[in-house]
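S.K.: Structure provided below as structure tokens; questions to follow.
The values are calculated or read from the model by the stated rules, or taken from the named source; none is laboratory data. Just so we're clear, the structure is a prediction, and the values are computed from it rather than from any experiment. In this analysis, Cβ positions are derived from the backbone assuming ideal geometry, glycine residues included, and neighbour counts consider all displayed protein chains.
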Amino acid sequence: MKMKRLVTLFSLATAVLLSISDRAMADYSYTTSLRITSITAGGSGIGTSVGTFGGTTVNLLPITRGGFTVPGTNTLNIGDIQVTTSTLQPGGDSFTIGYQDFLTLVNTPPPGVAATGPFVLTGTLTFNGINTLSGTITNVYNAPTTASGPLGGVTFAGSVDNFAAPTVNGGNGNFGGTISAFAVPEPVSIVMLGMGLGGVGLMGFRKRRAQI
């Protein structure tokens, strides 16, 4: 009888400790750095975050955000885009810009350890008929548009899936995506889980023997 109680208490304690471990929260933050990798002939700005073509200027702005928790899934702004022009109608400026967005994640324990790691994405912006009165701006992310991996005891999975076009000579647009972050079970938790399941199994085995 005493053995049964001990096994029961051990299993319950294991479950409680595992529950606490699963709920352990980490914080993470991120920063982004954008640069232009290509621009239609006649434009300038390769290697920088500011591109010009005709009378139009495109400014790719970095983002810094913090205070996100693990576990969790968050919709993120991973870069701003600002477009200004002095080009008048008719015609406007039509060109493309290739860019790279270098996103740096920082994991702050517990759980796990402090760690920093990058996600890199690329894409192409297309500007059509940009002038002081009108124009359209579209974006296409290049494959791969998803990435995942462990970082300091936390598994991160990221994807880019949205884009808000800026208003010419007006409000900024932005590149967007999601990041999911989940704590990786620590070795001690895995061992405890095995021991807890073993305790439950032992109880069942003893019960079956008693019924024979």
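S.K.: Going by the conditions given, is Asn142 surrounded by fewer than 18 Cβ atoms within 10 Å (Cβ to Cβ), closer than 18 Å to Ile63 by Cβ and not aromatic (Phe, Trp, Tyr)?
M.R.: Numbers: surrounded by fewer than 18 Cβ atoms within 10 Å (Cβ to Cβ): yes; closer than 18 Å to Ile63 by Cβ: no; not aromatic (Phe, Trp, Tyr): yes.
It is false that Asn142 is surrounded by fewer than 18 Cβ atoms within 10 Å (Cβ to Cβ), closer than 18 Å to Ile63 by Cβ and not aromatic (Phe, Trp, Tyr).
S.K.: Go through the residues of segment 22-31 one by one and say whether even a single one is of a type outside the set (A, V, I, L, M) and modelled with pLDDT under 70.
M.R.: So the first thing to find is which residues in segment 22-31 are of a type outside the set (A, V, I, L, M), and the list is 22-23, 27-31.
Going one step further and asking which of them are modelled with pLDDT under 70, we end up with 22-23.
Within segment 22-31, one or more residues are of a type outside the set (A, V, I, L, M) and modelled with pLDDT under 70.
S.K.: Hey, another quick one. Residues that are surrounded by 14 or more Cβ atoms within 10 Å (Cβ to Cβ) and free of Cβ contacts under 8 Å to residues at least 40 places away in the same chain: does segment 95-112 have at least one?
M.R.: Taking every residue of segment 95-112 in turn, none turns out to be surrounded by 14 or more Cβ atoms within 10 Å (Cβ to Cβ) and free of Cβ contacts under 8 Å to residues at least 40 places away in the same chain.
S.K.: From the list Gly129, Gly199, Gly173, pick out the single residue that is at pLDDT 95 or above and more than 30 Å from Asp27 (Cβ to Cβ).
M.R.: Every option except Gly129 fails the conditions.
S.K.: I've got another one for you. Report every pair of residues separated by at least 6 positions or lying on different chains whose Cβ atoms are under 6 Å apart, first residue within segment 37-49 and closer than 17 Å to Val83 by Cα and free of Cβ contacts under 8 Å to residues at least 24 places away in the same chain, second among the basic types (Lys, Arg) and surrounded by 15 or more Cβ atoms within 10 Å (Cβ to Cβ).
M.R.: Within 6 Å, the pairs are Ser49/Arg35.
S.K.: Here is a list of conditions, (1) under 22 Å from Phe182 (Cα atoms); (2) hydroxyl-bearing (Ser, Thr, Tyr); (3) more than 22 Å from the chain's Cα centre (by Cα), and Thr108 meets all of them except one; can you say which number that is?
M.R.: (3)
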